[in-house]
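Below is one structure, written out as structure tokens; comments come after it.
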Amino acid sequence: MKRKLTTEELITHIKRKGITFNHMTKDENGKYEDLDFAYLTDLAAIDMQLRQFLLELCLDVEHGVKVLLLNRISDYLPNEDGYKIVQDFRNGPDFGSRQYELTIDNLKHNQYLKEMSRKYSQNPPVWVFLEIVSFGGLTAFTEYFCNNRKTTKKLEKISSLLRYCKNIRNACAHNTPILVNLFSNSDRLDKRPRIIQGISNNIGIPNQDTYYEKMVDLISLFYIHKSIQSELLGKFQYNKGQKLIQRFHRHDWYEKKKI
């Protein structure tokens, strides 16, 4: 079995890679120009706080989309009993069947929802199904709803963007770094979604920045959140976002550096 490195050995190994420790009271010139270990730890902290903020926005979106769907079903589909639409989703496209089975399986194995499982695992109404469905399942159900029921332009637009929002949600929930390769050529799109172009023009995002996968996902998240948020929630998250931006500028290390 390979011996575990001591702390000093690990630091020595890192230094040999060209990373210095000048902002952490250790001096060493390296192969990478102007790269200090403090920059990496600061960027890691920023990325963590960014993920926490974005995950909150995703949770807001998840709740808001569920409310929009339930309101649409109850207000505009008076003949819908709440059960048929779930079974139609189950018996419809293959993705509907898969998401339905995953949702029911998760319900049956959720130790906090034993009573709900006992009552509804065989035939859940839509208000129960949406309560327990995953973000991916919500995305699939919303697309199905918009394709098979009378809906609104607002919900249709949200539905077309929700799949991109899901990417951010999954990355944040699984602690996948957001800032790594944010504008990497490997993530550059030959063709961006048409809907993104109009949104980015309205909110002032440079055209060239909208050809990257993460930017498409982020634009989608911000657009959906703004579309569904209440005024109070909007102000709350706006203030949190401003504090996060201030955190980005705590140091001036990155003004002329490319990490």
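Okay, here's what the table says:
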item	result
Region 136-148 residues that are within 11 Å of Lys166 (Cβ to Cβ) and in contact (Cβ under 8 Å) with a residue 40 or more places away in the chain, paired with ones that are of a type in the set (Val, Ile, Thr) and assigned to a helix (DSSP H, G or I) (beta carbon under 9 Å, 6 or more apart)	Leu138/Val65; Thr142/Val65; Thr142/Ile158
Where a residue in region 157-182 is in a helix (DSSP H, G or I) and its partner, wherever it lies, is aliphatic (A, V, I, L, M) and surrounded by fewer than 18 Cβ atoms within 10 Å (Cβ to Cβ), with Cβ under 6 Å and at least six apart	Ser160/Ile195; Cys172/Leu55
Residues located in region 45-88, provided they are closer than 16 Å to Phe145 by Cβ, not in a loop (DSSP other than H, G, I, E, B) and not hydrophobic (A, V, I, L, M, F, W, C)	Glu62, Gly64, Lys66, Asn71, Arg72, Ser74, Asp75, Tyr76, Lys84, Gln87, Asp88
Filtered residues of region 205-249 (kept if assigned to a helix (DSSP H, G or I) and of a type in the set (Ser, Thr, Tyr))	Thr210, Tyr211, Ser220, Tyr223, Ser227, Tyr238
Residue among Gln208, Gln237 that alone is farther than 27 Å from Thr41 by Cα and assigned by TED's automatic domain parsing to the domain that holds Cys172	Gln208
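The values are calculated or read from the model by the stated rules, or taken from the named source; none is laboratory data. Bear in mind the structure is a predicted one, so any value in this text is a computation, not a measurement. FYI the Cβ positions are ideal-geometry reconstructions off the backbone, even for glycines, and counts take in every protein chain you see.
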